[in-house]
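Here the structure is laid out as structure tokens; the discussion comes afterwards.
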2 protein chains.
Amino acid sequence: MSRDPFSFNNPYLITRSLYPENQETPIHFIPSNHTPDHLFFRRNHFPYPTLNQSRFWIPIGGSVLNPTIFSNYDLLKLPSKTVNTVLECAGNKRNFFEPNVFGEQWEKGATSMGKWKGVSLGTLFEITGLEKDAKEVIVEGYDYGNRTDLDQIYTYTRSLPLEKALHPDTIIAYEYNDKPIPFKHGFPFRLVVPNWYAMASVKWIKQINIINTTFEGPFQTVDYVYYPKKENDEGSFLVTINNVNSTIQQPLHMEKLETGRHMIKGIAWTGKGEITTVEISTDGGETWSNAAIAHTDGVHDYTWSTWSFDWMVSEKGEFTILSRARDSYDRVQPPNPFWNQKGYGYNAIDQIKVKVE
Amino acid sequence: MSRDPFSFNNPYLITRSLYPENQETPIHFIPSNHTPDHLFFRRNHFPYPTLNQSRFWIPIGGSVLNPTIFSNYDLLKLPSKTVNTVLECAGNKRNFFEPNVFGEQWEKGATSMGKWKGVSLGTLFEITGLEKDAKEVIVEGYDYGNRTDLDQIYTYTRSLPLEKALHPDTIIAYEYNDKPIPFKHGFPFRLVVPNWYAMASVKWIKQINIINTTFEGPFQTVDYVYYPKKENDEGSFLVTINNVNSTIQQPLHMEKLETGRHMIKGIAWTGKGEITTVEISTDGGETWSNAAIAHTDGVHDYTWSTWSFDWMVSEKGEFTILSRARDSYDRVQPPNPFWNQKGYGYNAIDQIKVKVE
């Protein structure tokens, strides 16, 4: 590699749409540790909201004993909680469904991993108290706009069942990777819900309401629902925790290689337990070997695991390389994706082809 | 659209590989006039070369009467020539071939359009003179390295037949869009060959040699050759002029739209003559209508044409939208691409799907 400064090459986000902004991470070209701001995928349903305040507030109301408005100063004074977590868009890898699914054509980069610091939602509820019949926590973002399928204006609003909301690692974050959250990722406050697809991690929090019923907003009951049948909505169920998954970062799909030794490497993650094995096949699935797994942070947390496999190839030809992750709940990537109308939760065995010449 | 400065969204290049650097233009998201530097696709066979000089030279030798070394000052003193031209990578749209072809998986953005200023090669040959048996002009770049398929080090070197080299619009360029050529696009001197795929437009020119034989370098006789058969090299021929082609910039593939009026728009270009019609189908090819064509510069030159079509859609459902360009030589985009081993010259009718809901 030349040391000429001119030769420095940058990867950029991959633009899927600009209004609203949807750009994905070039996952093949970035280090496997915490995703830096400028390579963090951007996923928006609406235009960016306008925030005019110099001081920020989160009102918590509804089925609570003491409705309270928390300021940013209040939050900073409360005990903090840090979580290292993957945030993966439910539509990550949608582009690979057959038949094709409408919507953002995410390839493999609608996912991130980073360090979020904030206050556990449960800590706030200790202050507000909860009524006995409290059932769900509704979190509303400042972003709003039109949907193509409905005639009203909606804000981006989601609910969490009380049990998940009370998990100590479900936080109202105010820092990402040791700095205030970047505006495009939810400044000043973002809900961060580890183990769940990132639709749950509402950005630009405007207010929180506790209800004793079931929330019915369109981002809960129309989108982010698995509809397994093409023709009708039978058998539908909510998108919640991340499926077990892996992505090959190197080599590239359709890359030409020389004979010799090549490092196959990538990441693996799950929404349940931890990654126990990543198996690699270099012959299209006939035989499998274990990759070496390294957890990036030493501790488990909710990070992705990096893995690598040393491949010695002496014969020329075309090769199909597969990666298959398994988690501690014995969930394993399936050979075929679970097709659903809106294209969520793709986690089939990852696959690339290379040519050795 | 909010006027909040935070809401400003940038498109970026799409990274295909970093070493060597291959990044494509997000063609759907950029204005249709001259491609700015930072969105100009980057296509490299090798690492960027190291240029240590503060003064640059182009030696012209071989079958010439007066071998001459031209400095950058010499070139600036000679009569200049400006060409506005498309430069499209021969592998543009390779990703869409079926069966898949190995190599960079370019989608639709390995193409650019801009204003190049320099000196006609013919003007330099008036000074050097040419021997009577001169047949080809070899142009060598400063970039060099290994190839996966051969064991030697090669520079990036190509030849042009004398007739094409002597065309007044074949220039040694020293400016792009009114500024010195950006380093990554060939500073200080780039050969610019309008109407030919961009492999002919050698970057970082090191030297020029005239020969009376046929050049046999690997970027002339191994790469940039159409091999129409999968099994053998029968019927092969050189990649030269651009095929007639078009790309739909808007709407996006797999986009969801509301019923109503939508602008379908894009670009069309050819390596022979000019674009005469662009036809649009919104029913998968059953019926076709002419799009309105606007040449971006008022004059023809070698620019792409922009086109648009007003689409009123009142029924919901899935639609396949096609664009088909025709040029003044009556060349027209075919329904199916001309498959070839290395995936060059893809120019099938452009196609996207949208869902109206």
Axis-nearest residue of A (beta carbon) for the A-onto-B rotation, whole Å: A:Y12, 2
Antiparallel bridge percentage (DSSP; both residues within the stretch B:14-235; nearest 5): 95 percent
Relative contact order %, the stretch B:14-235, counting alpha carbon pairs below 8 Å whose residues are six or more apart: 22 percent
Calculated [θ] (222 nm, deg cm²/dmol) that DSSP helices of n ≥ 4 give over chain B, each run adding -39,500 (n - 2.57): -1500 deg cm²/dmol
Kirkwood Rh and Cα Rg combined as Rg over Rh, evaluated for the stretch A:14-238: 0.96
Burial order of peptide ranges A:177-190, A:16-29 (average beta-carbon count within 10 Å, highest first): A:16-29, A:177-190
Per-residue mean of C-beta atoms belonging to partner chains within 10 Å, peptide A:246-256: 3
Choice from B:N245, B:N92, B:N290 with maximal GNM fluctuation in chain B (Cα, 10 Å cutoff): B:N290
Among B:W204, B:W57, B:W304, residue whose mean-square fluctuation peaks in a GNM of chain B (springs only between Cα atoms under 10 Å): B:W57
The stretch B:1-125, Cα convex hull volume normalised per residue, Å³: 206 Å³
Solvent-accessible area, 1.4 Å probe, carbon plus sulfur percent, for chain A: 50 percent
Listed residues A:Q250, A:Q333, A:Q53, most fluctuating in chain A (Gaussian network, C-alpha, under 10 Å): A:Q53
Estimated inter-spin distance, B:N72 and A:E258, nm [label 7 Å along Cα→Cβ]: 3.4 nm
7 Å along Cα→Cβ, label-point gaps from B:N33 to other copies, nm, shortest first: 4.5
Charge sum, other residues only, whose C-beta stays under 12 Å from A:Q105's C-beta, Lys/Arg counted +1 and Asp/Glu -1: +1
Taking the stretch B:245-356 and dividing mean pair separation by its residue count, relative contact order in percent (alpha carbons under 8 Å, at least six apart): 36 percent
Position A:G317, label points 7 Å along Cα→Cβ, spacing to each other copy in nm (shortest first, one decimal): 4.7
Under 15 Å, Cβ to Cβ, from B:D310 - net charge with Lys/Arg +1 and Asp/Glu -1: +1
Rounded accessible area per residue of chain A, 1.4 Å, Å²: 42 Å²
Relative contact order of the stretch A:75-127, defined on C-alpha pairs under 8 angstrom at six or more residues apart (%): 48 percent
Summed residue charge, Cβ within 13 Å of A:F40's Cβ, Lys/Arg positive, Asp/Glu negative: +3
Buried accessible area, chains B and A (both chains, 1.4 Å probe, Å² to nearest 100): 4400 Å²
Cα-based radius of gyration of the protein assembly as shown once divided by 2.2 N^0.38 Å, which approximates compact folds: 1.05
Alpha-carbon gyration tensor eigenvalues x 5, square-rooted, for the stretch B:235-357, Å: 27, 18, 11
Shielding by partners, peptide B:18-31 (average Cβ within 10 angstrom, other chains): 3
Copies compared at A:R55 - label distances in nm, ascending, label defined 7 Å from Cα in the Cβ direction: 6.8
Distance between the stretch B:42-60 and the stretch B:165-229 - C-alpha centres, whole angstrom: 13 Å
Average beta-carbon neighbours from other chains, 10 Å sphere, peptide B:263-276: 0
Alpha-carbon Rg with Dmax, taken over the stretch A:95-160, Å: 17.9, 49
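The values are calculated or read from the model by the stated rules, or taken from the named source; none is laboratory data. This is a predicted model, so every value here is computed, not measured. Note that each Cβ is placed from the backbone with ideal geometry, even for glycine, and that neighbours are counted across all protein chains shown. Quick note on the areas: whole protein, heavy atoms, side chains included, nothing else; ligands and nucleic acids left out. Shrake-Rupley method; radii C 1.70, N 1.55, O 1.52, S 1.80 Å.
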